[in-house]
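Participant: First the structure, which I've put down as structure tokens, then a few questions once you've had a look.
We did not get these values from a lab; they are worked out from the coordinates using the rules stated. No experiment lies behind these values; they were computed from the predicted model shown. Cβ coordinates were reconstructed from backbone atoms using ideal geometry, including for glycine residues, and neighbour counts include every protein chain displayed.
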Amino acid sequence: MKILVTGGAGFIGSALIRHIIGHTDHSVANVDKLTYAGNLESLESVAHDPRYAFEHLDICDARGLADAFARHRPDAVMHLAAESHVDRSIDGPAAFVQTNLVGTYALLETARAYWNGLDGTARAAFRFHHISTDEVYGDLAGTGNLFTETTPYAPSSPYSATKAGSDHLVRAWHRTYGLPVLVTNCSNNYGPYHFPEKLIPLIILNALEGKPLPVYGQGLQVRDWLYVEDHARALLRVVESGVPGETYNIGGHNEQRNIDVVRALCELLEELAPEHPAGVARYADLITYVADRPGHDMRYAIDAGKIERELGWAPRETFASGLRKTVQWYLEHRDWCRRVQDGSYQRQRLGLGDPV
Ligand code: NAD
């Protein structure tokens with residue numbers, strides 16, 4: 001397959017591309033605008049593979065998209081490009097509306113025109129896979145109950161509202177125009193190459209630097225966590241074998257309270273990085289409770305039974321094994337972290353002729 005991936009320089013997109021190039025014969029065209037969240041250094045291991053190509057492009061640019069489709073002639077689109085950080089969506093929702101809604105619309109229209117121009121077999125085989133989040137379902141009351149593919153949407157943040165809107169657009173393009181779409185809604189991902197504004201890398205890096213470990217409210221919010229490489233395998237399974245028009249929830253069966261995640265990271269660091277920064281006796285002493293995020297959902301939890309039953313996917317990592325791998329990765333890749341933290345990762349754009 002020739003797969004056009006959007007947002008491939010981001011956290012999940014780069015894991016997906018490394019997985020595709022490393023474990024399949026498919027080729028990839030990576031369409032990415034390189035916002036602050038896009039980091040080509042996460043793709044260094046595949047950058048010179050003849051099956052990988054990069055297109056520096058905004059998904060809101062319909063003409064640019066049409067050219068990219070014409071050049072790469074994809075058999076499938078995997079759409080991950082998005083503004084993805086909830087706190088940023090509260091401070092500045094405009095970019096979220098633009099990329100997540102307008103950008104998804106531009107991509108759908110480009111894909112539809114391209115798909116309409118395909119002949120019988122290629123047209124029947126084409127897939128448009130939209131990658132989304134469990135946050136579209138909103139706050140899950142109580143314990144024990146889980147989000148299924150038919151849970152009504154009730155997004156709480158500007159981020160989740162724009163992702164919910166993009167999910168609706170994608171399903172409408174299936175129902176109205178017949179575009180062969182697949183939608184996946186996944187729980188919180190964690191793992192290597194995660195941008196340090198997100199909880200797990202933020203805690204690891206702050207702890208190593210002796211900085212406060214900020215925890216919203218009392219840290220009682222519950223999230224389901226999935227190791228990013230398990231997500232990449234699930235996405236590939238869906239694009240290869242999913243049924244057009246269907247939605248698949250993806251999750252790790254790993255419900256954890258935020259405070260427990262932070263404590264688990266501190267314990268791992270005690271073992272794996274026993275030399276504390278100056279003035280720090282125990283990493284857990286750095287835990288600092290901060291004012292809760294407005295509109296913060298208390299609990300998300302995914303029922304991933306459908307993808308497990310129908311497509312034979314299951315996560316390989318437990319939370320304990322995935323978290324250990326993640327901490328080890330950050331300890332072994334301090335240079336990648338330093339270049340993200342001081343902004344030098346964005347200067348790689350200069351190599352592409354794009355001034356910072
Ligand atoms: P990310 O923020 O790490 O990466 C997003 C990528 O999209 C970046 O490379 C960025 O440069 C690119 N991008 C942003 N705006 C663009 C535009 N207008 N045109 C082209 N490229 C653009 O995000 P992520 O965590 O890798 O998430 C990827 C997708 O998966 C998103 O759609 C997100 O909603 C979804 N998702 C994320 C999680 C999670 O836990 N991170 C969970 C479920 C679903």
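Participant: Karplus couplings for the range 176-186 from phi (6.51 cos²θ - 1.76 cosθ + 1.60, θ = phi - 60°), rounded to Hz, Gly and Pro as x?
Facilitator: Ordered by residue, 3J(HN,Hα) equals 7, 10, x, 4, x, 9, 10, 10, 10, 10, 10 Hz.
Participant: Next question, about the same structure. Quote to one decimal, in nm, the extra length available between Glu271 and Thr150 on full extension: 0.36 nm per residue of separation minus the C-alpha distance between them.
Facilitator: 39.3 nm
Participant: Additional query: Would any residue of the range 149-163 have its amide N under 20 Å from a label point 7 Å out along Cα→Cβ of Arg175? List them or say none.
Facilitator: Those under the cut-off are 149-155, 161-163.
Participant: Tabulate in residue order the Karplus-calculated ³J(HN,Hα) for the range 46-54, using 6.51 cos²θ - 1.76 cosθ + 1.60 with θ = phi - 60°, rounded to whole Hz; enter x for Gly and Pro.
Facilitator: 10, 4, 9, 6, x, 8, 10, 9, 10
Participant: Grab the Cα-Cα distance for Ala53 and His23, subtract it from 0.36 nm times how many residues apart they are, and report the gain in nm with one decimal.
Facilitator: On the way: separation 30, 0.36 × 30 = 10.80 nm, distance 1.68 nm.
Stretched fully, the Ala53-His23 segment lengthens by 9.1 nm.
Participant: Which log10 I(q)/I(0) values, to two decimals, does the range 2-352 give at q = 0.09, 0.10 Å⁻¹ under the Debye formula with one point per Cα?
Facilitator: With one equal scatterer per Cα and no solvent, log10 I(q)/I(0) is -0.47, -0.59.
Participant: For the range 307-347, taking Cα atoms only, what is the radius of gyration to one decimal and the Dmax to the nearest whole Å?
Facilitator: 16.0, 45
Participant: Note down the nm distance, to one decimal, between modelled labels 7 Å out along Cα→Cβ at Glu197 and at Gln98.
Facilitator: Result: 1.4 nm between the two label points.
Participant: Evaluate Rg over Rh across the range 151-213, taking Cα atoms for both radii and Kirkwood's formula for Rh.
Facilitator: Taking Rg over the Kirkwood Rh, I get 1.18.
Participant: Magnitude of the Cβ-charge dipole of the chain, K/R +1 and D/E -1, about the Cα centre, nearest 20 debye?
Facilitator: On the way: 34 positive and 44 negative charges, 113 e Å.
For the chain, the charge dipole is close to 540 debye.
Participant: Show me, for the range 214-224, the HN-Hα J-couplings you get by feeding each phi into the Karplus relation (A = 6.51, B = -1.76, C = 1.60, θ = phi - 60°), rounded to Hz, glycine and proline as x.
Facilitator: x, 10, 5, x, 9, x, 8, 5, 9, 10, 9
Participant: Take the alpha carbon gyration tensor of the range 1-114, find the square roots of its eigenvalues, order them as a ≥ b ≥ c, and report rounded if a/c is under 1.5; if not, report prolate when a/b exceeds b/c, else oblate.
Facilitator: oblate
Participant: For a distance above 13 Å, tell me the whole-number percent of Cα pairs in the range 269-337 that qualify. Write out the running numbers ahead of the final one.
Facilitator: On the way: 1872 of 2346 pairs.
Percent of Cα pairs beyond 13 Å in the range 269-337: 80.
Participant: Once amide H atoms are placed 1.01 Å from N in the peptide plane, what residues at a sequence separation of 5 or more from Cys186, or on another chain, have their amide H within under 5 Å of its amide H?
Facilitator: Result for Cys186 returns Ser132, Thr133, Asp134, Ile250.
Participant: Multiply the residue gap between Val222 and Ala124 by 0.36 nm, knock off their C-alpha separation, and tell me the result in nm, one decimal place.
Facilitator: Working it through step by step, the gained length comes to 31.2 nm.
Participant: Compute the distance in nm between two label points, each set 7 Å from the Cα along the Cα-to-Cβ direction, one at Glu240 and one at Met1.
Facilitator: My value for the distance between the label points is 0.9 nm.
Participant: For a quick check of your reading of the filter: which GluC sites (Glu not before Pro) in the range 1-106 sit in a DSSP loop and have no more than 13 other Cβ atoms within 10 Å?
Facilitator: Answer in residue order: Glu44.
Participant: Continuing with the same structure: Work from the charge dipole of the chain (Cβ charges, +1 for Lys and Arg, -1 for Asp and Glu, about the Cα centre) and give the residue of Gly252, Thr288, Leu199 farthest towards its positive end.
Facilitator: Most positive-ward Cα: Gly252.
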